[in-house]
Amino acid sequence: MRVASDSDIMDTPKASIPPALHGALANEQEERLALARGFIEGHPDSPLGWQALGFALLLAGRTSQAAPALQRALDLGSADLDVHEALGLALKSLGHLEAALKTYQKLLAIAPDHPAGHNNLGNILLGLNRPEQALASYAKAIELKPDAAQTHNNMGCILLSLGRLEKARESFARALAIAPDYAAAHNNLGTALKELGRFEEALASYLKALEIKPDFPEPLSNLGTFLKDMGRMDAAFECWAKALQLKPDFVDAHSNMATAFCEQGLFAQAFECYAKALEHGPDNANIRTNYAMALLATGNFADGWREYEHRLRIGKRGRPKRRFAAPRWQGQDLSGKTLLIHAEQGFGDTMQFCRYAALAGQRGARVVLEVQAPVLRLLGSLAGVSELVAQGSPVPACDFHIPMLSLPGAFAARIDNIPYSEGYLGAGQADIEAWRVKLAHIPSSLKRVGLAWSGGLHEFSYDGLMTDKRRSIGPETLGPLFETPGIRFVSLQKDGAKAPRHFPLFDPMTDCRDFADTAGLIMNLDLVISVDTAVAHLAGALGKPVWLLNRFDSCWRWQRQSLSTPWYDCLRIFHQKSRGDWAEVIKRVSDALARSPLG
């Protein structure tokens with residue numbers, strides 16, 4: 001969702017100018033410029049003439065010419081603070097952030113109590129990716145001028161980017177207490193509220209921003225995303241189209257349209273929107289990552305894996321970027337070398353992509369695998385791994401490192417060369433035997449079928465919550481499955497909504513401490529039925545028959561049309577035919593169970 005900041009605050013320049021130029025300020029731009037140049041011809045070493053020329057060029061929109069004129073005024077001894085400030089703004093707009101930084105530092109050395117200078121210094125520091133220093137500059141600006149609504153808004157934007165959501169909300173609220181009709185702050189407050197899970201209030205904030213400023217592209221685009229997530233696609237596209245009429249180069253609106261097209265399986269239209277988004281924002285890591293997933297969803301692995309590397313440029317909110325002493329593995333010879341492979345996403349991703357660690361081992365590497373603690377014991381069965389380390393524990397010295405989801409690209413993964421699709425993880429014999437005993441009460445005449453109906457959101461984010469909502473099934477919808485004779489259902493649902501008590505469902509999950517325990521349980525079942533969550537990956541990696549209940553806006557890895565997947569030979573896919581219609585999916589699964597418990 002898009003926030004709107006006031007990047008720079010400065011009144012129209014009020015610097016001292018020669019009396020001969022006073023009247024010129026009311027004339028046309030070219031006359032003003034001619035008079036300034038004429039004054040300089042007669043007084044070439046006068047800072048007043050050069051600053052007058054610099055301001056005239058700024059007002060004429062000739063920023064690249066204004067900057068050297070203003071710098072010349074300072075070099076000749078101008079002490080006017082407006083000249084420093086104007087030069088800083090000009091340099092920033094030209095992308096010369098380090099030079100702008102030095103200009104504002106000089107300004108504040110002369111006038112340490114200059115609130116706009118501290119605010120604009122904060123904007124420069126933010127552009128240089130120094131958020132904590134930027135916050136300190138904003139705080140000083142607010143200390144000097146507590147009623148500067150724009151600075152409160154700017155501080156809120158940076159707090160939002162750092163994941164300090166409640167603090168961000170407070171900053172936007174302070175901005176609005178000072179300036180109730182501040183449309184940008186209403187839009188930004190909406191985004192903070194959305195990320196806090198206060199959706200009705202967020203929607204009201206977006207609508208308030210549009211009430212104040214109907215032609216405001218940012219809240220229009222944000223409103224479109226809300227409408228999309230409510231299933232109101234036509235209304236969402238109307239919002240994005242209007243936003244793009246107002247701002248044709250609006251990257252977020254193009255990207256939001258692309259995402260919506262992907263969710264509908266309309267990839268040709270999605271790629272057109274991505275092309276426009278990347279034309280205007282080629283370095284936007286979020287867009288390039290989403291574009292990568294669209295490429296992967298359509299089977300274009302060669303381009304998809306390359307583009308997917310941009311995900312690593314997306315900072316995790318509130319967390320510093322991880323640094324490694326060893327270099328990134330780029331395909332170098334691994335013979336006799338230690339390679340650290342580190343998990344980076346969810347449990348299911350770790351189970352799906354850990355298979356590539358075995359390929360690294362085949363190249364002669366000593367493989368160290370760093371993974372989440374709940375999968376540590378399970379991955380002890382993975383071939384080719386010399387050492388397992390839980391995330392958060394010290395890692396041994398290594399020659400190279402690589403994020404786990406970069407492995408498919410490193411090994412030039414294609415749909416037709418995915419390794420170990422028949423299964424590559426195993427449950428411990430002791431775990432299997434323990435669960436055999438615990439399930440002994442189920443008559444041997446009944447087939448044992450595991451059920452998982454809900455994903456898990458371990459760290460709140462709006463996008464994550466919406467995805468989890470779409471991939472999960474309300475347990476009451478599962479009712480028709482229990483009418484199938486000859487089956488005893490076993491819950492594999494660790495968290496999330498509980499099934500109704502009247503369902504004939506055995507729930508042993510309190511005895512599952514980690515995924516190795518769950519693996520032992522699954523090996524005692526005949527079939528697993530699961531939504532798109534870690535349980536499906538676990539069953540697939542074990543080689544156990546698994547039926548995937550897949551949402552309409554399928555994850556890239558399951559594609560959209562195929563009933564099978566190259567990732568797991570044992571997995572069968574039941575896709576939603578229309579958005580949100582799980583009842584029809586459950587009916588097809590019930591019919592398939594009635595024909596054969598193993599499909």
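Show me 99-107, 583-591 ranked by packing, highest mean number of other Cβ atoms within 10 Å first. Write out the running numbers ahead of the final one.
Numbers: 99-107: 20.6, 583-591: 15.6.
The densest-packed peptide leads the list: 99-107, 583-591.
For Ile573, which sequence-distant residues (separation of 5 or more, or a different chain) have an amide H within less than 5 Å of its own amide H, given hydrogens modelled in the peptide plane?
Long-range HN contacts for Ile573: Leu548, Ser564.
Have a look at Gln264, Ser386, Pro396 and report the one farthest towards the positive end of the charge dipole of the chain, computed about the Cα centre with Cβ charges (Lys/Arg +1, Asp/Glu -1).
Ser386
Once a ≥ b ≥ c are taken as the square roots of the eigenvalues of the Cα gyration tensor of segment 338-410, is the result rounded (a/c under 1.5), prolate (a/b larger than b/c) or oblate (a/b not larger than b/c)?
Verdict is rounded for segment 338-410.
Round to the nearest 10 and give me the degree value, 0 to 90, for the angle of helix 285-297's Cα axis relative to the longest principal axis of the chain.
The two axes meet at around 30 degrees.
Given +1 on the Cβ of Lys and Arg, -1 on the Cβ of Asp and Glu, and no further charges, what dipole in debye does the chain carry about its Cα centre, rounded to the nearest 20?
Approximately 1680 debye in magnitude.
Can you compute 3J(HN,Hα) from phi for each residue in segment 307-312, using the Karplus curve 6.51 cos²θ - 1.76 cosθ + 1.60 with θ = phi - 60°, rounded to whole Hz and x for Gly and Pro?
5, 5, 5, 5, 4, 6
For segment 136-237, run through the chymotrypsin sites (Phe, Trp or Tyr not before Pro) and keep only the ones in DSSP coil with at most 12 other Cβ atoms within 10 Å of their Cβ.
none
In segment 506-599, what % of DSSP beta bridges are antiparallel (nearest 5)?
10
Below 19 Å, Cα to Cα, which aspartates and glutamates can Lys494 reach? Residues fewer than 8 away in the same chain don't count.
Asp349, Asp431, Glu459, Asp468, Glu476, Asp507, Asp511, Asp514, Asp517, Asp532
If each of Met509 and Asp495 carries a label point 7 Å out from its Cα toward its Cβ, how far apart are those two points in nm?
1.1
Out of residues 5 or more away from Arg328 or on other chains, whose amide H comes under 5 Å of its own, with H placed 1.01 Å from N in the peptide plane?
His401
Provide Leu189, Leu492 in ascending order of the number of other Cβ atoms located within 10 Å of each residue's Cβ, fewest first.
If I rank by nearby Cβ atoms, fewest first, I get Leu492, Leu189.
Express the relative contact order of segment 338-410 as a whole percentage, based on alpha carbon pairs under 8 Å and six or more residues apart in sequence.
45 percent.
Calculate log10 I(q)/I(0) of segment 448-570 for q = 0.19 Å⁻¹, where I(q) comes from the Debye formula with a single equal point scatterer on each Cα and nothing for solvent.
-1.13
Once the piece of chain linking Ala302 and Ala79 is laid out straight, how much longer is it, given 0.36 nm per residue of separation minus the C-alpha distance between them?
Additional length available on full extension: 74.5 nm.
So if I average 1/r over every pair of distinct C-alpha atoms in the chain and take the inverse, what Kirkwood radius in Å does that give?
27.8
What percent antiparallel are the DSSP beta bridges of segment 429-595, to the nearest 5?
Antiparallel bridges make up about 5 percent of those DSSP assigns within segment 429-595.
When you count, for each residue, the other Cβ atoms within 10 Å and take the mean per peptide, how do 551-557, 149-155, 308-314 rank with the highest first?
149-155, 551-557, 308-314
List the aspartates and glutamates whose Cα sits under 18 Å from the Cα of Lys92, skipping any in the same chain fewer than 8 residues away.
Asp6, Asp8, Asp11, Asp82
Could you tell me which of the pairs Lys208/Lys247; Lys276/Lys469; Lys145/Lys167; Lys102/Lys247; Lys438/Lys544 are separated by over 22 angstrom between their Cα atoms in the structure shown?
Too far apart for the 22 Å limit: Lys276/Lys469; Lys102/Lys247.
Which of the listed residues, Ala109, Gly580, His186, is farthest toward the dipole's positive end in the chain, when Lys, Arg count +1 and Asp, Glu count -1 at the beta-carbon?
Final value for the positive-end residue is Gly580.
Tell me the angle of helix 267-280 to the major Cα principal axis of the chain, expressed in degrees between 0 and 90 and rounded to the nearest ten.
30
Of the listed peptides 479-491, 500-512, what is their order by residue-averaged count of other C-beta atoms within 10 Å, with the highest listed first?
Going from most to least packed, we get 479-491, 500-512.
Every number here is computed from the coordinates shown, using simple stated rules; none is lab data. Every value quoted in this text rests on a predicted model; they were computed, and no experiment measured them. FYI the Cβ positions are ideal-geometry reconstructions off the backbone, even for glycines, and counts take in every protein chain you see.
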